[in-house]
Each structure stands twice: as structure tokens, then as C-alpha cells.
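Single-structure report; data block below.
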Amino acid sequence: MSRIAGSSTEVAIRDLRFRIVPIASTLGAISLALTPVVMAAPLLPDFGFLVLITWRLLRPEIWHARTALWLGLVNDLVAGQALGQSMLLWTGAFLVFDLIDTRLGFRDYLMDWLIAAGALFFYTVGTWYIALLMGSDVRFMVMLPQIGLSILAYPVAARLVLALDRWRLSR
Amino acid sequence: MKPPAARRPGFSRRAHYGLFFGYVIAIGGMVVAVLLLIISIVDPRGYGAIKGAALDVTAPISAGGRSVVRFFTGIGDGISAYIGAGSQNAALHRDLAAAQRGLMKAQAAEAENRRLRALLGLAQQAPDEITVAQIVGSTFEAPRRMATLSAGSAAGVRVGQPVRAPEGLIGRVVETGRWAARVLLMTDGASNVPVRAVRDGTPAIAVGRGDGTLELRTLEVGSNPFRRGDILVTSGIGGIFPPNVPAARVIRIEGDTAIARPLADPARIDFAIVQPVYQPAAAGPLELAPAQPVAPPVAAPAAAPGGRTPPRLQADPRYQPALQEPAPGAPVPPRAPR
């Protein structure tokens with residue numbers, strides 16, 4: 001493929017790719033919840049949220065906080081959680097990220113990881129507390145392996161998202 | 001990383017307003033989400049239609065993938081069975097002989113049971129099934145433990161029905177779509193199953209712990225009635241789960257409580273059986289319950305002459321506050337002066 005778009009169709013395709021890759025990859029990560037695997041304990045990270053915050057930390061300008069609202073609705077419906085749970089927690093996380101961005105002039109990869117770790121921790125606490133309100137009396141210790149694995153999965157997600165971002169912006 | 005330009009919209013008033021309304025939408029959306037959550041908590045079946053429709057759309061994807069997963073695990077099982085064929089054959093012969101002896105004993109016991117039941121005049125409860133379906137997936141990131149079932153209301157599955165496998169109990173249905181349903185597994189923290197130990201009949205409530213195990217709560221204080229290896233079956237108390245379905249095995253004792261593991265592992269089983277609610281009155285709305293006989297309304301006492309206070313209604317043993325209206329035709333007593 002040449003570096004210069006030859007026709008208006010090609011321009012349109014590149015523009016579409018430019019816009020759609022972040023949303024499509026997040027939706028793909030959300031639909032990983034449909035993997036036909038039956039887990040006895042919460043162990044795997046919430047891929048949707050992980051990819052979402054990775055995109056948000058890498059490219060703060062592509063999404064507004066309200067984008068997280070409908071993505072959260074999709075996650076609630078696909079993963080079968082209480083309706084409104086991800087809508088609330090994801091949008092809240094985006095607003096906190098906006099606050100952090102106004103306070104923090106500069107952040108590097110390690111700062112991103114730290115912020116993502118905090119977000120993943122509070123997100124898991126939030127899901128646990130909502131489950132508790134809905135009558136699922138589970139000790140918080142059960143969630144700790146999942147939190148640890150999610151935090152360790154952030155570098156993998158970051159590399160994946162970075163590769164997607166390069167492809168998205170490539171000519 | 002440089003702070004993004006989009007958050008500093010410069011002097012454009014329009015850009016300022018756009019940013020501001022974006023935040024208004026985001027925070028308004030969060031308020032809506034909180035309301036949705038409150039409704040979900042207060043009335044868990046409130047959004048059943050929406051969630052059922054989403055389940056219908058997503059379940060076929062899991063079901064398709066499930067057959068792929070099963071195909072590959074099947075290849076592995078086939079190869080290992082081929083390698084171990086000789087020793088497996090001998091072992092199976094031994095097991096078969098033992099099973100046939102056990103079967104004969106069980107048949108004799110069954111016949112005796114039937115005779116004793118007939119003597120007692122007990123009705124035979126047929127453990128009928130509503131449908132047989134596959135478990136196609138589960139939640140794996142949330143603290144809730146739910147599985148997706150490949151049959152829905154089109155096959156007669158309703159909310160509240162117990163689900164079991166040949167190996168043992170799995171859970172009960174919490175959401176139904178047209179062609180798929182969601183099952184609350186026994187190991188979910190919100191699941192309570194009344195069970196009893198097979199060895200001595202000790203009743204207990206098996207409560208999920210969210211990590212694949214169950215906690216057994218008994219009424220006994222001081223001593224722990226369970227031992228490691230005890231098998232638990234459902235007791236039928238509560239009317240939802242049919243009695244004598246194998247449920248769990250005790251794996252360890254922790255002080256006053258015992259930890260058990262379900263006998264049926266939803267990750268391994270091929271088919272799940274949906275059964276009707278054991279006693280429909282337990283799950284049905286209150287209006288459908290048979291009407292209780294009530295005492296006839298109390299006739300009002302005759303008006304006392306001379307403005308005397310009439311005898312107190314509460315003294316009458318048949319007095320019911322809800323039925324204080326006088327019977328038609330009975331004289332209405334004058335109100336006592338205060």
C-alpha cells in the first residue's frame with residue numbers, strides 16, 4: 001500500500017480506520033466475556049475495562065467521558081451484570097482520569113501503570129460492593145487474585161493497544 | 001505525554017460550551033446509572049426483558065465457541081483414552097462388576113421403598129424435567145457466579161426453576177431470554193440451598209462463597225456435625241429444590257463451619273437438566289396461594305342504653321382488627337363518647 005492515498009475511497013477507508021479502531025477493539029475486548037469457559041472463581045481481568053482505560057491513558061483526546069457511558073451499557077448487557085454497574089464505574093473512572101490529567105502536567109509509562117492499577121483496584125472494589133448490595137455475600141479476599149492479575153495484565157494490554165494505535169495512524 | 005489539547009479549548013466559547021455539556025451528559029448519565037442500579041437491587045427481575053434480549057443475542061456466540069472448545073478437549077480425551085486402553089479396559093471391567101452388584105441391591109431397595117410408600121399412602125413424586133440444555137458459558141470477571149444455559153422461555157424455562165446435572169445440583173434460573181437463560185450457580189454468594197448430610201441427616205444451609213466452594217451453616221452451636229468427605233443432598237425444605245439431589249462434598253472443617261465443594265462442576269458437565277419448582281406455591285405470587293379459612297365477622301354488640309360504654313371488642317376471642325366492618329344488616333353501634 002502506498003503511503004499516499006490514491007483515491008477518495010482510500011481516504012475514506014483510512015479515515016474510518018482512524019476513527020473505528022479504538023471503539024472496535026474495546027467492543028472486542030468486552031465480547032471476550034462471551035468466551036465459552038466456565039470459571040469457578042473470579043480470576044481473569046475484566047478485559048473490556050482494561051482495554052478501555054489503556055486507550056484512555058494512551059490517547060486522552062480521542063474519547064470524552066460520556067463515551068464510557070454507552071460502552072458501559074454494552075458491557076452490562078453483554079456480561080450480564082447489574083444494569084448500570086459498568087455505566088457508573090466506567091464513567092466515574094473517566095471523570096477521575098480527566099481530573100488527574102488537569103492536575104498532572106506529564107505522565108510516563110510507569111505513572112500510567114500506577115494510575116491503571118488504582119483504577120482497576122477501585123473498579124473491582126466497586127463491582128464487589130454492588131454485588132454485596134445485591135445479596136451476594138462474598139469475602140473481599142476472593143477478589144484479590146483478580147486484582148493482582150489485572151494489574152499484571154496492564155503492560156500486555158498497553159503493548160497491544162500501542163500496536164493497534166500505530167496501525168491506526170499508519171499511512 | 002503532553003497534556004492533551006482537547007482539554008484546553010482556548011478562547012472559543014463554543015468549544016467551552018461543548019466541553020461543559022459533555023461533562024453534564026457524563027454526570028447525568030452517572031445519575032441515571034445509579035437509578036438503574038437501585039432499581040436492579042430493589043427489583044432484580046425489573047429489567048428481565050432487556051437483559052433477556054441481550055442474552056438471546058449473545059448466547060449463540062458462546063454456544064458456537066463451546067462446541068469448538070469441546071471438540072478440542074474431546075481430541076485430548078480421545079488420545080489419552082487410546083494410550084491407556086489396556087489398563088482402562090481392566091479397570092472398567094472391575095468397576096462394571098461392582099456396579100452391577102450395587103445395581104441389584106438398589107433395585108431391591110427401590111422395590112421395597114415402593115411397597116413401603118404404598119403402605120404409608122404417600123404420593124410418588126415424579127421428578128419430571130422441563131428441558132435438557134447445555135451450559136455454554138459463565139461470568140468470569142465479576143464477583144457473581146452465573147452460567148449461561150442454552151435454553152430459554154421458548155423451552156419452558158422460567159425464573160426460579162432449579163437446574164441440575166446427572167452428577168448433582170447446579171443452581172437455579174435467575175434470568176430468561178427466549179432461547180437462553182442465566183443460572184445462579186450454587187457457589188454464588190447470593191445462593192442458599194437447604195441441604196442435609198447423608199450420613200446422619202444433619203440439616204444445614206449451603207451458602208456460596210464466590211470462589212467455587214460452599215459454606216455449610218447449621219443451627220448447632222459448639223460442635224461441628226460434619227466430617228471431611230461427608231456427602232450432602234438437598235433436603236427439599238423451602239420448596240424450590242427437589243429433595244435428595246446430590247449437592248456437595250465436605251472438603252475441610254473450619255471451626256464451627258464446614259467448607260464443601262459442589263459435586264457437579266459446571267465447567268465439565270455436558271448437559272444440565274432444568275426441573276420444575278418442587279412445590280409451585282413456594283415460588284408463585286401470594287394471590288395464587290389457596291385462601292385461608294377466616295373466622296366470620298364479629299357481630300357488633302347491641303347499642304348500650306344510657307350512654308354506657310359498650311364492651312370492648314378485643315375481649316371477644318373471634319375479634320379480628322382487619323374484619324371490623326359490621327356484617328350487612330347488623331346494627332351499626334354508636335361511637336363511644338370521648
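GluC sites (Glu not before Pro), restricted to segment B:209-259: which are DSSP loop and have at most 16 other Cβ atoms within 10 Å? Mind showing how you got there, number by number?
Numbers: sites: B:215, B:220, B:254; in loops: B:220.
Here the GluC sites (Glu not before Pro) that fit, given the DSSP loop and packing criteria, are B:220.
In whole Hz and in residue order, list the ³J(HN,Hα) couplings for segment B:191-197 that follow from phi through the Karplus curve 6.51 cos²θ - 1.76 cosθ + 1.60, θ = phi - 60°; x for Gly and Pro.
Per-residue couplings from phi come out as 9, 10, 10, x, 10, 9, 6 Hz.
Any idea what % of Cα-Cα pairs in chain A are farther than 30 Å? Please report the intermediate quantities before stating the final value.
On the way: 3036 of 14535 pairs.
Result: 21 percent of Cα pairs exceed 30 Å.
Identify the chymotrypsin sites (Phe, Trp or Tyr not before Pro) of segment A:76-171 meeting these criteria: DSSP loop state and at most 16 other C-beta atoms within 10 Å of the C-beta. Walk me through the numbers on the way to the answer.
Working: sites: A:90, A:94, A:97, A:106, A:109, A:113, A:121, A:122, A:123, A:128, A:129, A:140, A:167; in loops: A:106.
Of the chymotrypsin sites (Phe, Trp or Tyr not before Pro), the ones in loops of segment A:76-171 whose Cβ has at most 16 other Cβ atoms within 10 Å are A:106.
With θ set to phi - 60°, apply the Karplus curve 6.51 cos²θ - 1.76 cosθ + 1.60 along segment B:218-227 and write out the HN-Hα couplings as whole Hz, x wherever there is a Gly or Pro.
Each residue's phi maps through the Karplus curve to give 10, 8, 6, 10, x, 10, 9, x, 9, 10 Hz.
If I model a spin label at residue A:61 and residue B:100 as a point 7 Å from the Cα along the Cα→Cβ vector, what separation in nanometres do I get?
8.0 nm
Of A:139, A:159, A:66, which has the largest mean-square fluctuation in a 10 Å C-alpha GNM of chain A?
Maximum fluctuation in the GNM of chain A, among the listed residues, is at A:139.
Give me a comma-separated list of calculated 3J(HN,Hα) values for segment A:152-160, in order, Karplus coefficients 6.51, -1.76, 1.60 applied at θ = phi - 60°, integers in Hz, x for any Gly or Pro.
Result, ordered by residue: 6, 7, 4, x, 4, 4, 5, 5, 4 Hz.
Select from segment B:222-265 those trypsin sites (Lys or Arg not before Pro) which occupy a DSSP coil region and have at most 14 other Cβ atoms within 10 Å, ordered by residue number. It would help to have the intermediate numbers written out before the result.
Details: sites: B:227, B:228, B:249, B:252; in loops: B:227, B:228.
Counting only loop positions with at most 14 other Cβ atoms within 10 Å, the trypsin sites (Lys or Arg not before Pro) in segment B:222-265 are B:227, B:228.
Values quoted throughout were computed directly from the atomic coordinates according to the rules given, and no laboratory measurement underlies them. None of the values given here were measured: they were computed from a predicted structure. Methodologically, a virtual Cβ is constructed for each residue, glycine included, from the backbone with ideal geometry; neighbour enumeration extends over all protein chains shown.
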